[in-house]
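Derivation of every value follows stated rules applied to the coordinates shown; laboratory data play no part. Predicted, not measured: the structure shown is a model, and the values here were computed from it. Cβ sites come from the backbone with ideal geometry, for glycine too, and all protein chains shown count toward neighbours.
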Amino acid sequence: MSRGVRYIALISMLVLAAASLILAGCGGTATTTTAGGGTTTTAAGESTNTTAGGGGEGKTFKFGLAAPLTGQYANYGGSHKGGIDIAVAELNAAGGVKGAQVAYVAGDDQGDPKEGVLVAQKLIDDKDVLFVNGHMFSGATLAAGPKYQEAGLPMITPSATNPDITDLGDYIWRTCMTDAAQGEGLAEYAVITLGVKKIAIVHSDNDYGKGLADAFEAAAKAAGGEIVAREQYTDGDTDFKAQLTKVKDQAPELIFLSGYYPEGSKIAAQAKELGLNTQLLGSDGFGSDELIKLGGASVEGMLISTFFDYSKDDPAIQKFVTTYKANNNGDNPDWFAAAAYDVVMLMASLVEKSGDFSREGINQALSAMTDEYQGITGRIKFDENGDVVKPLNIVIVKDGRLVTAPKQP
């Protein structure tokens, strides 16, 4: 079924999403940032360009950033913003996009679907915003996506993987693989590459965690594996011993974790406390040095799916790593930072070719892509659904760092 036909089914969703905006409120502040020009925090819904002088005959290549910038998942948003800041600085240092200065306005969705809808409306209302880099999480993306589709504002998520995002419409894109693809790839990696048969699954009950766990379970069974236990938790939980005790009773050879690193680090630590020393395989939500900072020795040896391996000896990757570390107190970039960087650079390359500074023109350029774009997270080429297919990479926590795992899919 085509993306246009699927969009018809979204009408009722759009009505509900529009109704939710009647709620008075707050969706955080908005900031507009340009490299070298500073940052201004404004009242909700306003924006201020802090760079003197325009470029491109007065045009500005302005986009929206939608990510959790405060709250329990602020570190994810910090990575997202860190990657974007590098892209903006590089583009402006090279003369901008068709001579236009590059800037962005930030919306804090806190990783929450309700806040995501509010942020979407603010970015839609800013007519200078040409596209949105975000949202990061599947729940916020699924909630906000129909608003962007209705308004004709291209949204490119670098990290939301839920398969249902595919059906949101032809203005919705992503540069990461779907949960279906990742789940299948990780299941085959566990059963075929690692040779394990008895597997337990522990996952978040959010859209991302559950969707990926479902895909993994189906593919693991198809590959000849056995799911001996499946337990779930709610984001923000801190005690996982009840679930882990049930898992331990089934003596799995491997535990697949589907969720985010704040909870994952605690799960790893509590597993060790219970004497559960089973191999851990984490989804892409764990692919950050923050996991190691939070989990310490308990995450040593953990295998993790990622779309960016900062340890690779690739000039483009190492240039990005060096700049990110210089900007962030020596911290390594995670795949969220790299993917956000790739979105900006991809969009800039398309407008450089088309010269069209309009929302519709940018979406048409995305639709018309025939060549692969080589980013630091790999090849980017969209299928008819606005999804991409990328190779799966596995890293391992070794001596307190994420390094390329010896066994790859």
Among Glu231, Glu253, Glu384, residue whose mean-square fluctuation peaks in a GNM of the chain (springs only between Cα atoms under 10 Å): Glu384
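What's the local net charge at Glu300, with K and R +1, D and E -1, over the other residues with C-beta under 14 Å away?
Summing Lys and Arg as +1 and Asp and Glu as -1 gives +2.
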Sequence-separation-based contact order of region 180-306, relative, with Cα cut under 8 Å and 6+ spacing, percent: 24
Sequence of His135, His203 once ranked by neighbouring C-beta atoms within 10 Å, starting from the fewest: His203, His135
Long-range amide H partners of Lys62 with built H, under 5 Å: Ala103, Leu130
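Using the Cβ atoms and a cut-off under 10 Å, what net charge is assigned to the surroundings of Tyr341, where Lys and Arg are +1 and Asp and Glu are -1?
Result for the neighbourhood of Tyr341: -3.
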Base-10 log of normalised Debye intensity for region 134-196 (one unit scatterer per alpha-carbon) at q = 0.13, 0.30 Å⁻¹: -0.39, -1.21
Cα centroid separation, region 354-409 to region 307-346 (Å): 14
Rg followed by Dmax, in Å, when region 273-354 is reduced to its Cα trace: 16.0, 59
Gyration tensor (Cα) of the chain, equivalent ellipsoid semi-axes in angstrom: 35, 23, 20
Rg/Rh for region 180-306, where both radii come from Cα atoms and Rh is the Kirkwood radius: 0.92
The chain, relative contact order [Cα under 8 Å, separation at least 6], %: 16
Mean Cβ count within 10 Å, highest first, over the residues of peptides 339-351, 390-402: 339-351, 390-402
Length gained when the stretch Glu300-Lys407 is fully extended (0.36 nm per residue, less Cα-Cα span): 36.9 nm
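Work out, step by step, the length gained on full extension between Lys398 and Val228: first 0.36 nm times the residue separation, then minus their alpha carbon distance; give nm to one decimal.
58.4 nm
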Ranked packing of 281-291, 191-201, most packed first, by mean Cβ within 10 Å: 281-291, 191-201
Net charge of Cβ neighbours under 10 Å - reference Gly71; Lys, Arg +1; Asp, Glu -1: -4
P(r), alpha carbons of region 57-102 - 5 Å bins starting at zero, rounded %: 6, 22, 22, 18, 14, 10, 6, 2, 0
Inter-site label distance for Thr245 and Ala368 at 7 Å from Cα along Cβ, in nm: 6.3
